[in-house]
């Protein structure tokens with residue numbers, strides 16, 4: 001069998017025109033200016049970048065195309081964007097700027113045909129279904145939207161199967177409970193989803209060490225890993241430092 | 001000046017961004033009359049083989065201009081991703097013949113356990129035969145790929161680089177003035193930048 005390099009993807013959060021980092025989708029810390037930050041990731045030659053506008057859907061607005069254009073002008077790697085995309089036209093505007101993937105979350109939950117529309121026009125590889133999962137009362141994990149605030153009552157595994165059927169090319173699976181905590185991925189959640197679908201699953205939420213990355217790839221079959229805090233802070237509780245895990249070390253442990 | 005052919009398929013903004021970064025004049029053009037004046041062409045493409053060939057065949061004058069550029073004027077042409085597959089004679093993805101500028105065929109990745117299709121992500125390319133297109137790319141450069149079909153050229157001399165994903169396939173091809181790359185050079189950091197720089201200097 002042939003293995004591709006596991007993609008390690010910085011997931012960067014846009015709030016207004018700044019990058020921020022959150023803990024469990026709250027507690028915002030300012031990280032920096034998007035264009036300056038992506039310039040550093042470009043120098044570091046990261047595999048791919050994912051931008052999530054965390055307030056677009058809540059504010060019922062579309063993508064901030066100006067910020068995205070600034071980013072695309074600096075980046076020579078695959079780029080994904082999620083946040084506030086409600087129509088094929090909005091997705092097209094993001095593609096035209098130079099992004100090749102859009103992540104759909106809230107709109108997918110309320111208008112599932114959008115995934116299908118975008119994937120039939122641009123191919124399934126252009127559509128990431130973003131699934132945010134949070135434990136609710138009584139310990140049950142359900143799919144959330146609008147920055148974790150709205151509970152769709154959907155089961156994550158059933159919803160993952162559904163977005164695959166609708167034509168999503170990959171799934172960004174975020175554990176809201178682990179996000180920003182540095183405590184490691186929710187391996188059980190990731191494993192249940194990777195067992196249920198055949199499209200690639202990007203595990204997101206909880207990475208704190210290189211070992212966490214190895215665990216979620218080897219034990220939970222994640223195809224790719226999204227990193228938040230690890231790539232924008234020096235260490236847990238310390239200041240901002242845009243960085244990326246050592247590639248040789250990563251390749252060694254992912255072997 | 002490089003002319004990026006806009007026939008309605010593909011991610012043109014990022015290609016333009018990359019040329020801007022390396023200081024090469026480039027423009028996006030869809031009018032066959034203007035394309036006729038071009039010195040160098042990039043044929044991009046994302047999507048389905050038949051849809052792309054239909055677009056090329058139905059825009060009045062476009063197919064003739066492209067054939068003339070490639071085969072008579074021998075202007076340097078670079079097909080990217082689907083744009084490279086179009087250079088072959090046929091694809092298992094569709095029924096419409098390709099441009100057939102480089103003899104070969106485009107085939108689906110064989111079904112194999114654990115082999116996810118599309119082939120999406122970074123992979124290395126091994127040099128197969130020396131070419132102006134791949135000067136100074138270094139040992140085993142890595143590139144970003146997204147594709148479900150792959151090219152096998154008939155004549156090994158037309159294979160510039162090969163990549164392994166389940167099977168070996170041609171990831172960069174060339175015949176005289178005509179070149180193709182399966183990966184996205186505009187999304188492949190300095191590795192892709194070098195390929196586009198080389199193409200700009202051919």
Among A:139, A:62, A:98, whose mean-square fluctuation peaks in a Gaussian network model of chain A (Cα, cutoff 10 Å)? A:139
Once both labels are modelled 7 Å past Cα along the beta-carbon direction, what's the residue A:60-residue B:113 spacing in nm? 5.3
Can you tell me what share of the DSSP beta bridges in chain A is antiparallel? A percent to the nearest 5 is fine. 30
Sites residue A:240 and residue B:50 - FRET efficiency at Förster radius 45 Å, r taken between beta-carbons, to 0.05: 0.35
For residue B:37 and residue B:71, what is the calculated FRET efficiency with R₀ set at 22 Å and r taken between the beta-carbons, to the nearest 0.05? 0.80
Please give the contour-minus-distance gain from residue A:252 to residue A:17: 0.36 nm per residue of separation, less the Cα-Cα distance, rounded to one decimal in nm. 80.9 nm
Roughly how large, in nm² to one decimal, is the mean projection of the convex hull of the alpha-carbon atoms in the stretch A:77-125? 3.0
Across all Cα atoms of chain B, Rg and the largest Cα-Cα distance (Dmax), in Å, are 15.4, 49
Points 7 angstrom from Cα along the Cβ direction at residue A:121 and residue B:190: gap in nanometres? 3.8
Applying a 10 Å radius around every beta-carbon, put B:177-188, A:145-156, A:25-36 in order of their mean neighbour count, most first. B:177-188, A:145-156, A:25-36
With a ≥ b ≥ c the root eigenvalues of the C-alpha gyration tensor of the stretch B:86-149, is it rounded (a/c under 1.5), prolate (a/b larger than b/c) or oblate? oblate
Taking every DSSP bridge whose two residues both lie in the protein assembly as shown, the antiparallel percent to the nearest 5 is 45
Using label points projected 7 Å from each Cα along Cα→Cβ, tell me how many nm separate residue A:5 and residue A:44, to one decimal. 1.5
Helix-only CD estimate at 222 nm, as mean residue ellipticity for chain B, using -39500 (n - 2.57) per DSSP H run (n ≥ 4): -6000 deg cm²/dmol
Two-site FRET efficiency, residue B:168 against residue B:21, from Cβ-Cβ distance with R₀ of 35 Å, rounded to 0.05: 0.65
Fraction of alpha-carbon pairs in the stretch B:1-119 farther than 26 Å apart, rounded to whole percent, equals 21
Indicate, rounded to the nearest 5 percent, the antiparallel portion of the DSSP beta bridges found entirely in the stretch B:2-201. 60
Using the Kirkwood formula over every pair of different C-alpha atoms, what hydrodynamic radius in Å results for the stretch A:28-128? 13.9
Using bins 5 angstrom wide from zero, how does P(r) for chain A break down, in % of all Cα pairs? 1, 6, 15, 19, 22, 19, 12, 5, 1, 0
Relative contact order %, chain B, counting alpha carbon pairs below 8 Å whose residues are six or more apart: 20
Tensor-based shape of the protein assembly as shown (alpha-carbon gyration tensor, a/c under 1.5 rounded, otherwise prolate or oblate): prolate
From DSSP H assignment alone, runs of 4+ in chain A each adding -39500 (n - 2.57), the sum over residues rounded to the nearest 500 puts [θ] at 222 nm at -9500 deg cm²/dmol
Two-decimal Rg to Rh for the stretch A:78-199 - Kirkwood Rh, Cα set: 0.96
How high is the relative contact order of chain A, given as a whole-number percent (alpha carbon pairs under 8 Å, six or more residues apart)? 17
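Computed from the coordinates by the stated procedures, all read-outs in this text should not be read as laboratory data. Just so you know, these numbers come straight off a predicted model, no measurement behind them. Because the Cβ atoms are built from the backbone with ideal geometry, glycine has one as well, and the counts that use them run over all protein chains shown.
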